[in-house]
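Structure first, then comments.
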Amino acid sequence: MADLEVKTRMSPLQLAIIIATSMMGISGRVMQPILQASGHGAWLAVLAGAALYYGAAWLMIKLGERFPGESFAEYLPRLLGRWPGGAVVWLFVIVLFMWTGLALQGVSREVTFFMFDRTPFEVVEAGLLLVCAYCCLQDWGTILRVVQLLFFTALPPWLFLLFLSLLRFRVINFLPLWPEGAVDVAAGALRSWTIFQGYECVLLLLPLVYKGNFKPTRAVAGAFALATGLFLLRIVLDIGVLTLEGAENAPYPMLTIVRTVEIPGTFLERLDTYFLVFWIQGIFASVTLAMYFMAQSLTRLYRLADHRPFVLALVPPLFLLGDATHHIRVFEGLRTALMWAGPAFSLGVVPLVFALVWWRGRSRDAGRGKGL
């Protein structure tokens with residue numbers, strides 16, 4: 001099938017930017033499951049999670065390299081069969097769909113609480129979703145440049161304001177450094193998928209990456225290193241400013257931390273407003289990428305030429321899901337389902353597929369050897 005979507009190819013560095021942007025568009029409450037599982041050892045859980053899920057990303061890259069020029073939505077139906085291969089692609093789409101619904105819920109609630117307290121959640125959610133859909137309707141070259149622009153313009157001031165929050169850090173709140181048991185760290189590492197999600201896009205984007213100065217594995221490692229540093233900073237701030245108990249129960253921990261910063265004698269007031277403005281841009285980039293990956297995966301699976309109809313079809317159910325998760329029971333249920341489905345795809349399905357490919361290749365080589 002002719003590739004009518006790709007206007008340009010991308011470098012390994014651009015792949016790293018895409019992955020890092022997908023990871024950094026996180027909601028304010030995304031750290032709470034890790035803190036609840038690991039307590040003061042949450043920082044160790046983040047490090048362990050980074051190693052665990054980078055291993056999954058490395059395996060995805062190695063799997064894709066065995067099928068050059070094809071995305072996983074193209075070679076999986078041929079490898080596993082039409083229905084099993086399609087089910088794996090749909091699992092990838094469903095995981096992204098659930099994550100996007102939670103992201104829309106988080107940003108709409110925090111924006112309305114801190115900026116537009118009289119505006120209904122649905123208005124903010126619909127506005128963000130429509131803007132993301134409009135960007136997603138463009139070709140990949142345009143989306144890539146938009147994401148790069150936001151990465152270099154919105155991320156630095158966002159990080160600067162986050163670093164300012166270290167002024168409120170108290171060492172006594174962060175102690176003790178070591179957890180009571182390794183089981184808690186392992187549980188937190190598994191739950192850290194919710195912060196490292198986004199690397200799965202290598203299954204779809206690897207055919208677009210040309211060989212540059214860095215291998216894709218190194219580029220992805222750089223994205224993980226950058227994201228891990230950010231998440232460690234979040235853990236330090238959550239516990240060091242709010243205390244462990246406060247961080248576990250605060251409804252808006254990230255913005256609450258930034259709001260506590262006071263710089264006497266300057267014109268800067270309400271730093272949380274500035275922080276929120278830059279944070280929204282990160283969420284916009286992450287949601288746009290997630291919608292594009294969902295639409296493009298289905299386009300490749302069903303061998304269509306245009307991803308735009310799928311983008312339009314995704315908008316109504318995403319809005320309904322984001323609106324439904326404002327109910328606490330739906331929110332908790334969806335978050336629990338996501339914390340099971342995401343790791344199951346990366347740590348269960350992908351290794352099994354890779355093992356199948358490796359076994360078939362080994363059997364084929366053994367058969368050729370006997371033939372000789």
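In the chain, the portion of solvent-accessible area held by carbon and sulfur atoms comes to 66 percent [1.4 Å probe, whole percent, DNA, RNA and ligands not counted].
Considering only ASN249, PHE163, LEU175, and ranking their Cα positions along the charge dipole of region 99-250 that arises from unit charges at the beta-carbon of Lys, Arg, Asp and Glu, the one farthest toward the positive end is PHE163.
About its Cα centre, what dipole magnitude does region 179-320 give when the only charges are +1 on Lys and Arg Cβ and -1 on Asp and Glu Cβ, stated in debye to the nearest 20? Before the final figure, lay out the partial values.
On the way: 10 positive and 10 negative charges, 185 e Å.
Its charge dipole is roughly 880 debye.
Peptides 94-100, 316-322, 82-88, 106-112, ordered by how many other C-beta atoms sit within 10 Å of their residues on average, highest first, read 106-112, 94-100, 316-322, 82-88.
Dipole orientation for the chain: of the candidates THR260, PHE116, CYS132, CYS132 has the Cα lying most toward the positive pole (charges on Cβ; Lys, Arg +1; Asp, Glu -1).
Can you give me the accessible area per residue for region 280-372, using a 1.4 Å probe, in Å²? Working shown, then result.
Numbers: 4670 Å² over 93 residues.
Value for region 280-372: 50 Å² per residue.
Most tightly packed first, judged by the mean number of other beta-carbon atoms within 10 Å of their residues, the peptides 215-227, 351-363 read 215-227, 351-363. Separation of region 326-341 and region 292-320, taken as the distance between their Cα centroids, equals 23 angstrom. Hydrodynamic estimate: the Kirkwood radius of the chain over Cα pairs, inserted into Stokes-Einstein at 25 °C and 0.890 mPa s, corresponds to D of 115 µm²/s.
Here is how the number arises for the chain: DSSP H runs of 4 or more residues each give -39500 (n - 2.57), the sum is divided by the residue count, and the result at 222 nm is -24500 deg cm²/dmol. Computed with every protein chain present, the accessible area of LEU52 is close to 70 Å² [probe 1.4 Å]. Each Cα pair under 8 Å and six or more residues apart adds its separation to the average, and for region 153-254 the resulting relative contact order is 47 percent. Note on the chain: with charges restricted to the Cβ of Lys and Arg (+1) and Asp and Glu (-1), its dipole about the Cα centre is near 1400 debye.
The values are calculated or read from the model by the stated rules, or taken from the named source; none is laboratory data. A quick note: this is a predicted structure, and the numbers were derived from the prediction, not measured. Note that we place each Cβ from the backbone using ideal geometry, even for glycine, and neighbour counts take in every protein chain shown. Note: accessible area is taken over every heavy atom of the protein model, side chains too, but ligands, DNA and RNA are not part of it. Shrake-Rupley method; radii C 1.70, N 1.55, O 1.52, S 1.80 Å.
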